[in-house]
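The values are calculated or read from the model by the stated rules, or taken from the named source; none is laboratory data. The structure displayed is predicted, hence computed values, not measured ones. All Cβ positions, glycine included, derive from the backbone under ideal geometry; neighbour counts span all protein chains shown.
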């Protein structure tokens, strides 16, 4: 089994509300556990604010059934209103962590999270016409 973080990139997706976003993410993460993924994402969102930057959220979950941890970057075709507090959202960065993940993958995730502290990096994810998945 590979010890690499799975990275998936979706640009200009025509989704129109948070429910569609969570269903889309769940289908990508674990089609065999769609409802469980959605419930975990919603539960995490209710625990604390998931907004990390303007128009950018970071929903995340841990799932025992995953074979590999996944990082999904989803940029919407048009911003959507997420809720009253967060307002418009265009970029969703979703982390689905396999329970008991190996240290190498945890290090890859930490390295990516350091990039998220850089406003210029987030602006590039929000606006760039092309994004190189290998550089993520």
*Unique residue being exposed (fewer than 15 other Cβ atoms within 10 Å of the Cβ) and within 24 Å of residue 131 (Cα to Cα) when the list is 27, 84*: 27
*Could you tell me whether residue 101 is exposed (fewer than 14 other Cβ atoms within 10 Å of the Cβ) and over 15 Å from the mean Cα position of the chain (by Cα)?*
no
*Going by the conditions given, is residue 89 in contact with a strand residue (DSSP E or B) (Cβ under 9 Å, 6 or more places away or on another chain) and not in a strand (DSSP E or B)?*
no
*Give 66, 125, 58, 71 a once-over and let me know the one that is touching a strand residue (DSSP E or B) at 6+ places or on another chain (Cβ under 7 Å), under 20 Å from residue 16 (Cα atoms) and buried (at least 19 other Cβ atoms within 10 Å of the Cβ).*
125
*Please find, within region 12-34, the residue that is farthest from the chain's Cα centre (by Cα) out of those that are modelled with pLDDT under 95 and in a helix (DSSP H, G or I).*
32
*Counting only residues that are out of contact with any helix residue (DSSP H, G or I) (no Cβ under 9 Å at 6 or more places or on another chain) and either at negative phi or buried (at least 18 other Cβ atoms within 10 Å of the Cβ) (or both), how many does region 3-13 have?*
2
*asked:* Kindly evaluate residue 109 against the criterion of being in contact with a strand residue (DSSP E or B) (Cβ under 7 Å, 6 or more places away or on another chain) and under 23 Å from residue 132 (Cα atoms).
replied: yes
*Which condition breaks for residue 101 when tested against (1) under 18 Å from residue 10 (Cβ atoms); (2) part of a loop (DSSP other than H, G, I, E, B)?*
(1)
*asked:* Where the second residue is outside any helix (DSSP H, G or I) and at pLDDT 95 or above and the first is farther than 21 Å from residue 116 by Cβ and lies in region 36-59, which pairs have Cβ atoms under 7 Å and are six or more apart or on separate chains?
replied: 37/61
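State yes or no: is residue 77 touching a strand residue (DSSP E or B) at 6+ places or on another chain (Cβ under 7 Å), surrounded by fewer than 16 Cβ atoms within 10 Å (Cβ to Cβ), touching a residue at least 60 places away in the same chain (Cβ under 8 Å) and farther than 17 Å from residue 6 by Cβ?
yes
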*Selection status of residue 73, closer than 20 Å to residue 127 by Cα, at pLDDT below 95 and part of a strand (DSSP E or B)*: no
